[in-house]
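**Student:** One structure is given below, represented as structure tokens, and several questions about it will come after.
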There are 2 protein chains.
Amino acid sequence: MCARMMGDMSCSVQTLGRVVCSRKEPTDDNWDKESCVIELDAAMVQPEATLGLDGFSHIEVIYVFDRVDEAKVCRGARHPRGRTDWPLTGILAQRAKDRPNRLGVTVCRLVAVDGLRITVSGLDAIDGTPVLDIKPYLQEFGPRGEHRQPAWATELMKDYWS
Amino acid sequence: MCARMMGDMSCSVQTLGRVVCSRKEPTDDNWDKESCVIELDAAMVQPEATLGLDGFSHIEVIYVFDRVDEAKVCRGARHPRGRTDWPLTGILAQRAKDRPNRLGVTVCRLVAVDGLRITVSGLDAIDGTPVLDIKPYLQEFGPRGEHRQPAWATELMKDYWS
């Protein structure tokens, strides 16, 4: 529910399930080595909610960086990963976790679907992370037109998945 | 804030801004023809929050399908667009708007950044849509490994952007 009353900008969303994996601490790199299970809650979605998901090679997961202290969320600019040799960058121009609403979105490889248990690889979320949505990845939802990004972003991603 | 108490699966998120565009009704296709402005709220983010965003050609927008009646959200399976010639498909295996949490995620082309006013093209959201997050699109966040999707999904997308 999204309130539209003056001064109230809050929406309520529900956790549909949680990530179960071996990584317990939010470290930066090597996420494609991770395999994890998303355990969906039968109180939130029916078993048929994943019907046909196995026809897709990849899914997009929307989750919450819930271990980030809300008081430490950045609403202005910061250096990515604290690296002062990289430019001072707005929080909405980077994908850091200490962002307003603490939402993460990642495309990961679907390994198996067993009812409300979804096994994936390359999801950059730690054990216990609340999942708000799962969408199939359609190639048509990639960027349309020529792509461009700054050098610091490419450098930051060097070991992110590998 | 995400409650972890028994039986309470809700999180609170805030609207960071709204979409301003000419499309007032949620029709299905031709979204790349749309140009719109995301107006961020100065009470939610500082003007520096978009610093450096113009170094990216594309952004990813997380938003709420707030015109969907919450009572009509699907938590099981349905035919995409009601097309019974397409397979009965779980709501998490399609990107339909009447989904739990009513969240949308779309990569669109960045046209201009002017402080907290961001002009984009190809955002499939109607006028007034609440925006929860904006992230830069990094090519490394695309799918890793070979991609596969069912025929109905490719057919559904035929005129989605064009």
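**Student:** Name the single residue, out of those in the stretch A:143-162 being assigned to a helix (DSSP H, G or I) and small (Gly, Ala, Ser), that is nearest to the other protein chains (Cβ to nearest Cβ).
**Tutor:** The extreme case among them is A:Ala153.
**Student:** Now for a different question. If I filter the stretch A:55-72 for residues that are crowded, with 20+ Cβ neighbours inside 10 Å, more than 15 Å from the chain's Cα centre (by Cα) and hydroxyl-bearing (Ser, Thr, Tyr), do I get at least one hit?
**Tutor:** Within the stretch A:55-72, none of the residues are crowded, with 20+ Cβ neighbours inside 10 Å, more than 15 Å from the chain's Cα centre (by Cα) and hydroxyl-bearing (Ser, Thr, Tyr).
**Student:** Quick check: is even one residue across the stretch A:45-68 of a type in the set (Ser, Thr, Tyr), closer than 28 Å to A:Pro150 by Cα and touching a residue at least 12 places away in the same chain (Cβ under 8 Å)?
**Tutor:** Among the residues of the stretch A:45-68, at least one is of a type in the set (Ser, Thr, Tyr), closer than 28 Å to A:Pro150 by Cα and touching a residue at least 12 places away in the same chain (Cβ under 8 Å), which makes the answer yes.
**Student:** Look at the stretch A:1-53 and say how many of its residues are surrounded by 17 or more Cβ atoms within 10 Å (Cβ to Cβ), farther than 14 Å from B:Met9 by Cα and either more than 18 Å from the chain's Cα centre (by Cα) or at pLDDT 85 or above (or both).
**Tutor:** Residues in the stretch A:1-53 being surrounded by 17 or more Cβ atoms within 10 Å (Cβ to Cβ), farther than 14 Å from B:Met9 by Cα and either more than 18 Å from the chain's Cα centre (by Cα) or at pLDDT 85 or above (or both): 16 in total.
**Student:** On the basis of being within 19 Å of the chain's Cα centre (by Cα) and modelled with pLDDT of 95 or more, does A:Pro87 make the cut?
**Tutor:** No.
**Student:** Ok, one more. Return the total of residues in the stretch B:124-142 being crowded, with 19+ Cβ neighbours inside 10 Å, touching a Lys or Arg at 6+ places or on another chain (Cβ under 8 Å) and part of a loop (DSSP other than H, G, I, E, B). Can you show your working first?
**Tutor:** Here is the first cut: in the stretch B:124-142, the residues crowded, with 19+ Cβ neighbours inside 10 Å are B:124-126, B:129-138, B:141.
From what is left, the residues that are touching a Lys or Arg at 6+ places or on another chain (Cβ under 8 Å) are B:126, B:129-131, B:133, B:135-136, B:138, B:141.
In the following step, the residues that additionally are part of a loop (DSSP other than H, G, I, E, B) were identified as B:126, B:129, B:138.
Residues in the stretch B:124-142 being crowded, with 19+ Cβ neighbours inside 10 Å, touching a Lys or Arg at 6+ places or on another chain (Cβ under 8 Å) and part of a loop (DSSP other than H, G, I, E, B): 3 in total.
**Student:** I would also like to ask the following. What is the number of the single condition among (1) among the aliphatic types (A, V, I, L, M); (2) surrounded by fewer than 21 Cβ atoms within 10 Å (Cβ to Cβ); (3) farther than 22 Å from A:Ala151 by Cα that B:Ala112 does not meet?
**Tutor:** (3)
**Student:** Could I ask something else about it? Of the conditions (1) surrounded by fewer than 22 Cβ atoms within 10 Å (Cβ to Cβ); (2) closer than 14 Å to B:Phe141 by Cβ, A:Ser121 fails just one. Which one is it?
**Tutor:** Status for A:Ser121: all satisfied but (2).
**Student:** Can you list the strands (runs of 3 or more DSSP E) found entirely within the stretch A:1-108 that contain at least 1 residues being within 30 Å of B:Ala77 (Cβ to Cβ) and more than 7 Å from every other protein chain (Cβ to nearest Cβ)?
**Tutor:** Numbers: elements: A:10-14, A:17-20, A:35-40, A:58-64.
Because the criterion is at least 1 residues that are within 30 Å of B:Ala77 (Cβ to Cβ) and more than 7 Å from every other protein chain (Cβ to nearest Cβ), the strands (runs of 3 or more DSSP E) in the stretch A:1-108 that meet it are A:17-20, A:35-40, A:58-64.
**Student:** Give the number of residues within the stretch B:111-144 that are more than 28 Å from A:Phe56 (Cα to Cα) and touching a residue at least 24 places away in the same chain (Cβ under 8 Å).
**Tutor:** 13
The values are calculated or read from the model by the stated rules, or taken from the named source; none is laboratory data. Not measured: the values here are computed from a predicted model. FYI the Cβ positions are ideal-geometry reconstructions off the backbone, even for glycines, and counts take in every protein chain you see.
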